[in-house]
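Everything below concerns the one structure shown next.
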Amino acid sequence: MSSFDLHLLSPRADERIVGVAAFAGEDPSGQFALRAHHECFVTALVPGLSRLRYDDGRVEYLAQPGGVLYFAGNTLTFAARDYLRSDDLHAVSRALEERFASEEASLGQLHEQLRQMEREMFRRLWRLQRERAR
């Protein structure tokens, strides 16, 4: 069976994987699959799970928050801010839930800090207007 190389890039990792027979993912237009010797292809993946099938029949899952996919010269390059690769779908799902919960908590704290800053700015503007009115 014909295969291609997969190059995974993120700020924390740089992996090259050989022997990939097929990559299945999803972009804004829908689901698609790539096989060896595909024509040049560029797209942006939507957040979610992609699937890798290897020459020997093994399957792995690639959880990602979206990223750019580029296929040329029988090499698929995927660049994202983060990703998680595993052959255990349940482990990937659990890890994603934990990461999303953690990110959501961080975003909640950030939003609260922004609200506090906004209230303080309005308070100071109100004081300045009162002082000018005197």
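Coordinate-derived values only; no laboratory data. In this text the structure is predicted, and so the values were computed from the model without any measurement. Because the Cβ atoms are built from the backbone with ideal geometry, glycine has one as well, and the counts that use them run over all protein chains shown.
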Query raised in the report: Say each of CYS40 and GLN113 gets a label point 7 Å from the Cα, pointing the same way as Cα to Cβ; how far apart are those two points in nm?
Result: 4.3 nm
Query raised in the report: Label points 7 Å out from Cα along the Cβ direction at GLU104 and LEU84: separation in nm?
Result: 1.4 nm
**Report entry** Candidates PHE23, PHE71, PHE122, ranked by Gaussian network fluctuation over the chain, Cα under 10 Å, top entry
**Finding:** PHE122
Query - Proximal charge balance of ARG123 [Cβ under 15 Å; K/R count +1, D/E count -1] - result: +2
Report task. Return the distance in nm (one decimal) between the two label points of a simple spin-label model at SER29 and GLU131, each offset 7 Å from Cα along Cα→Cβ. Result -> 5.9 nm
Requested in this report: Give me the net charge of VAL46's neighbourhood, meaning all other residues with Cβ under 12 Å from the Cβ of VAL46; Lys, Arg count +1, Asp, Glu -1.
Outcome: -2
Query raised in the report: Summing Lys, Arg as +1 and Asp, Glu as -1, what charge do residues with Cβ under 13 Å from the Cβ of ASP87 carry, ASP87 excluded?
Result: +1
Requested in this report: Please name which of PHE100, LEU76, LEU34 has its Cα lying farthest along the dipole of region 1-133 towards the positive end, using unit charges on Cβ (Lys, Arg +1; Asp, Glu -1) and the Cα centre as origin.
Outcome: PHE100
Report task. Starting from the Cα-Cα distance between ARG12 and MET121, subtract it from 0.36 nm times their residue separation and give me the gain in nm to one decimal. Result -> 35.5 nm
**Report entry** Against the rule of thumb 2.2 N^0.38 Å, how large the Cα Rg of region 25-105 comes out
**Finding:** 1.15
Report summary line: Ranked by GNM mean-square fluctuation in the chain (Cα springs under 10 Å), the top entry among LEU34, LEU84, LEU107 is LEU107
